[in-house]
Amino acid sequence: MDWWGIRKRMIGPLEEVVEPPLADAQTIADVEAHPWPNPDWFDYESLRSTCEALSEYALVIRDP
């Protein structure tokens, strides 16, 4: 399970979502009750300099 509560598994060479965390959400309260990741859990120290160094490219930032 990842930071977002998404359960995945390898299917052949690809990692596929097998259990979306909000699949059963019916209301806004259900979505609000989801244990969302806290931005304070992550280290953004090098993000600005990395993006500036690669400014000639389109960047997609995600977890490893």
Exercise for review: Out of 3, 36, report the one residue that is part of a loop (DSSP other than H, G, I, E, B) and in contact (Cβ under 8 Å) with a residue 60 or more places away in the chain.
Suggested key: 3
Revision key, fill the gap. Residue 25 fails exactly one of (1) part of a helix (DSSP H, G or I); (2) surrounded by 10 or more Cβ atoms within 10 Å (Cβ to Cβ), namely (1)
Study note, to complete from the structure: Counting only residues in the stretch 33-62 that are within 20 Å of residue 4 (Cα to Cα) and of a type in the set (A, V, I, L, M), the one farthest from the chain's Cα centre (by Cα) is identified as 33
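Does residue 30 qualify as being at negative phi, of a type in the set (D, E, K, R), surrounded by 10 or more Cβ atoms within 10 Å (Cβ to Cβ) and within 14 Å of the chain's Cα centre (by Cα)?
Details: at negative phi: yes; of a type in the set (D, E, K, R): yes; surrounded by 10 or more Cβ atoms within 10 Å (Cβ to Cβ): yes; within 14 Å of the chain's Cα centre (by Cα): no.
Considered against the rule, which asks whether it is at negative phi, of a type in the set (D, E, K, R), surrounded by 10 or more Cβ atoms within 10 Å (Cβ to Cβ) and within 14 Å of the chain's Cα centre (by Cα), residue 30 comes out as no.
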Check your understanding: Do the conditions hold for residue 41, that is, is it under 16 Å from residue 62 (Cα atoms) and surrounded by 12 or more Cβ atoms within 10 Å (Cβ to Cβ)?
Key -> no
Check your understanding: Pairs under 9 Å by beta carbon, first residue of a type in the set (Gly, Ala, Ser) in the stretch 10-30, partner loosely packed, with under 11 Cβ neighbours inside 10 Å, six or more apart or different chains?
Key -> 25/33
Practice item. Go through the stretch 3-14 and give me each residue that's surrounded by 11 or more Cβ atoms within 10 Å (Cβ to Cβ) and in contact with a strand residue (DSSP E or B) (Cβ under 7 Å, 6 or more places away or on another chain). Key: 6, 7, 8
Review point. What do you reckon, is residue 18 hydrophobic (A, V, I, L, M, F, W, C), outside any loop (DSSP other than H, G, I, E, B) and within 19 Å of residue 3 (Cα to Cα)?
Key: yes
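Only the coordinates and a few stated rules stand behind these numbers; no lab work does. Since the model is a prediction, treat every value here as computed from it, not as a measurement. Positions of Cβ are backbone-derived with ideal geometry, glycine not excepted, and every protein chain shown enters the neighbour counts.
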